[in-house]
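One structure is given below, encoded as structure tokens.
The values are calculated or read from the model by the stated rules, or taken from the named source; none is laboratory data. These figures come from a predicted structure and were not determined experimentally. Reconstructed Cβ throughout: ideal geometry from the backbone, glycine too, with neighbour counts over all protein chains shown. Surface areas here come from the heavy atoms of the whole protein model, side chains and all, with no ligands, DNA or RNA. Shrake-Rupley method; radii C 1.70, N 1.55, O 1.52, S 1.80 Å.
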Amino acid sequence: MDRKSFLQAGHAPTLLTAFLYFDLAFMVWVILGPLAVQISADLNLTPVQKGFMVATPLLAGAILRMAMGLLVDRLRPKKAGAIGQVIVIAALAVAWRAGIHSYAQVLVLAAFLGVAGSAFAVALPLASRWYPPEHQGKAMGIAGAGNSGTALAALFGPGLAAVYGWVNVFGLLLIPLSLVFALYLIFAKDAPGCPPPRPLADYFRVLKDKDAWWFMFFYGVTFGGFSGLASSLAIYFNVQYGLDAKTAGYFTAACVFAGSLVRPLGGALADRIGGVRSLSVMYLTAALFLVVVSAGLPDVWSCAAVFGGAMLALGMGNGAVFQLVPQRFRREIGVMTGLVGMAGGLGGFYLASSLGYARQVTGSYQLGFLVFALLALVALIGLTAVKTRWRTTWGAAHLTAARI
């Protein structure tokens, strides 16, 4: 009955194309992470430079998500997404044809890849605005499962780079990107209930609401942990266990798949038991796994298993956060998606770059993992502090059919 109700609600072609667009955008967004071993070898990068290289798309994506969120509310999601896809396709085409010959050039490309990361601010409102409150968790979870593209990058990127060279990987990416762009133009539709554009100042008033800051922090931990690890694990497996680029990519892909594919489950679980309860369990679980992995496990298999557990918790936490956000900020979902997504990207930038600094300064990644585990525990404490107020105000049973 629930599935039937879900299928009858909303607009399935838009949900599917939002997922595909999001999936490939995320694949491109983090592609420098899986390719980092080969790029670093060719450009002779230090640990700090490697960390900053894979973290730069996350930082650029975080900043651009805010801009894209504003664009979504002014131009509507479909047109904003089309603009972003054209920019990414053009940047990859230039990198492929002209080549990348220095650390500065790879950072320029990394900045443009941030536009792909801003797809988050398009795909979620594009899908979300079609669905009623009781199906928000599932709809956002399915659209958000496009973060599985990060696993595709790790699975195929290093292998293709070994055969064709890492610069040519940028050219190969143009094939699926162009196909999905065509499907997006044909099948995606803006929901009829899109709110009209408002003065620019109105978008920033939401920042006066303390709940906006809480959601940004919560997602900065869940998605920041997910994206930061997705961008850094290939380097970690290569440095820590001596795996070659292709094998390190396979291990990374396995861990990232675990986190990305459970995002819809996280949304569905939050629909069933409440986003607060679901998210609380995820923070505690992620913190425990990060503490374990910080000790430096003796073999790569046990390490991958622990990373997989952390990614499962973080991925489900991503779905849980976005079960809550539309309930609290339904009319401001465009700008809130951009703000919360920005915070998620900043969290990923922090984790990816801090791991590089920790390695260069201390000779170990341990400090980087421990600090992020501490952030997860702080998020758990914060969630505990606000949950009663949330459940008795905007999340009260007489105001919404969704479980908070």
Looking at segment 235-257, can you tell me whether even one residue there is under 22 Å from residue 377 (Cβ atoms) and small (Gly, Ala, Ser)? no
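Which one of 84, 114 is assigned to a helix (DSSP H, G or I), under 18 Å from residue 344 (Cβ atoms), small (Gly, Ala, Ser) and touching a Leu at 6+ places or on another chain (Cβ under 7 Å)?
Working: 84 fails: touching a Leu at 6+ places or on another chain (Cβ under 7 Å).
114 is the lone residue from the list that is assigned to a helix (DSSP H, G or I), under 18 Å from residue 344 (Cβ atoms), small (Gly, Ala, Ser) and touching a Leu at 6+ places or on another chain (Cβ under 7 Å).
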Quick one: in segment 240-278, which of the residues that are of a type in the set (Ser, Thr, Tyr) and touching a residue at least 24 places away in the same chain (Cβ under 8 Å) is most open to solvent (accessible area, probe 1.4 Å)? 250
Return yes or no: is residue 70 closer than 30 Å to residue 329 by Cα, assigned to a helix (DSSP H, G or I) and of a type in the set (A, V, I, L, M)? yes
Test set (1) surrounded by fewer than 24 Cβ atoms within 10 Å (Cβ to Cβ); (2) under 28 Å from residue 400 (Cα atoms) - residue 138 fails condition number: (1)
The residue that is nearest to the chain's Cα centre (by Cα), considering only those in segment 119-139 that are under 21 Å from residue 87 (Cα atoms) and part of a helix (DSSP H, G or I), is 120
Could you check, for segment 56-68, whether at least one of its residues is among the charged types (D, E, K, R), crowded, with 22+ Cβ neighbours inside 10 Å and touching a residue at least 60 places away in the same chain (Cβ under 8 Å)? yes
Step by step: first the residues of segment 371-404, then only those that are of a type in the set (S, T, N, Q) and touching a helix residue (DSSP H, G or I) at 6+ places or on another chain (Cβ under 9 Å), then the one that is modelled with the lowest pLDDT. Which residue is that? 400
Being under 26 Å from residue 341 (Cα atoms) and open to solvent by less than 60 Å² (accessible area, probe 1.4 Å) is the filter here, so list the residues in segment 90-116 that pass it. 90, 91, 92, 106, 107, 109, 110, 111, 113, 114, 115, 116
Grab the helices (runs of 4 or more DSSP H) fully contained in segment 140-233, keeping just those with 3 or more residues being of a type in the set (A, V, I, L, M, F, W, C) and within 25 Å of residue 260 (Cα to Cα). 149-164, 166-187
Only one residue in 292, 335, 321 is closer than 29 Å to residue 268 by Cβ, touching an Asp or Glu at 6+ places or on another chain (Cβ under 7 Å) and of a type in the set (A, V, I, L, M). Which one? 335
